[in-house]
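Down below is the structure, laid out as structure tokens.
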Amino acid sequence: MANTLVVSGQEAEATGGSPLPLAGGSVYVRQDGPHDAPALVLIHGLAGSTRWWDPLVPMLAKSYRVIRVDLLGHGRSAKPAGEGYTIPEQGRRVGEALDHLGVKHALVVGHSTGGSVATALAEQRRDLVTALALIDSGPRTDAFISDGLVGRLLFIPVVGQLLWRLRTDTIVRQGLGTAFSRRGYQIPQQRVDDVRGMTYHALTTTSRASDDYVEQQALPDRLTALGKPLLVIFGEEDQRWRPSSAAEYRAVPGAKIELLSGVGHSPMLEDPPRTATPLLAFAGAHVTVSVKHYGWQMISDVAIGEMAGMDNRTGPAVQPAERRPRVDHSRGRVQSVERGAAPPPDPDSRTPPAACRGRSWGHVCQTDIRRCRRGSRSPSPGSSAGCGSRPCRCRCCLRRS
């Protein structure tokens, strides 16, 4: 009984760097990639940490501002012995962290329990979350398979606290066994250290909170109500959630489902490149960019996916899945480049035409995400009048000159 009280009452302060002091406890935040690039937020699952995304980040940080947050009770964040572990509270805390960082819009990615946190964040901050990507997040509790013998024992009163106090690397690896299915995959020591660094209270309370959140309302139902673009990635060999349950997300209008063969519950660790491919394609279609003014009238805070589908009368729209963003940080522009094609030439290096040759005045240029200026008078489409105080230099017009 004494051991039960001691283990259940353990807590720990935040460590590493300069954690953000937030309501309920300080959290650790890690950023990678260009600071002025579109924001992509990664939220780990139960007993994970920001380090679970390490293999994936280099592929994402080339084009995005990648922000990782250790949830309360995990990684290098604080681990209080009290409350604050409900999924809505975790979601609110992630939102507060993004506010501290000055993030206005973000695509949010959640793994397993992190998918519930991402959903809760979107429910609270629809203005902040532009799109969601869930990786092996169970849609409802009846889709759960098992977290193994160790996982079941941890939740038995007295037995669980004793097992936690006597935990060894071997026991932790056994508990993590169902999180990975790829043949030959070796669980890194860091994954073991993440679990051992938690408190018993943080682990079990977060687990129960996750179950409560999904039991109150299934994730597909919550996501349908949100109306946000959704990508679901699921490992076909997942041992914790029935892989077939991924089909339940098809109830969400427009949801895209990607099943990855040969991997299990943690695709971003088991096969980072194959996980990054659909994620980057989805991000390229739905991230939101905030562009600085640079000599032209700029369009700020516009979803690339929406622009790619607009009929701007400059030719057929390129499908979002065939485009990826390229950030020109020196000029504050964001460009979309077709896959497999060389980056478009800098418009400033070419001789501009004397007139706007666009088919419609004030058209949106999908390539450089800027808008032709309207002149002092309203010329008809294709007329030779100049674009305001300077000629239009977008590639759409250059092509037609």
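Any read-out appearing in this document is the output of simple, stated calculations on the displayed coordinates, not a laboratory observation. As the structure is a prediction and not an experimental result, all values here were calculated from the model. Glycine also receives a Cβ, built like all others from the backbone with ideal geometry; neighbour counts cover every protein chain displayed.
Neighbour counting of Cβ atoms within 10 Å sorts the residues Met268, Met59, fewest neighbours leading, into Met59, Met268. Relative protection proxy for 273-282, 36-45, from highest mean packing down: 36-45, 273-282 (other beta-carbon atoms within 10 angstrom). Counting neighbouring Cβ atoms within 10 Å and putting the fewest first, the residues Glu11, Glu83, Glu248 line up as Glu83, Glu11, Glu248. Note on the stretch 36-58 and the stretch 214-232: Cα centroid distance 21 Å, given to the nearest whole angstrom. Summarising the overall dimensions of the stretch 57-100 from its C-alpha atoms, the Rg and Dmax are 12.7, 39 angstrom.
The peptide list 21-34, 65-78, 220-233, 144-157, put in order of mean Cβ contacts within 10 Å with the highest first, becomes 65-78, 220-233, 21-34, 144-157.
When Val108, Val263 are sorted by how many other C-beta atoms sit within 10 angstrom of their C-beta, beginning with the fewest, the order is Val263, Val108. As a rough guide to protection, the peptides 116-122, 84-90, 173-179 ranked by mean Cβ packing within 10 Å, highest first, stand as 116-122, 84-90, 173-179.
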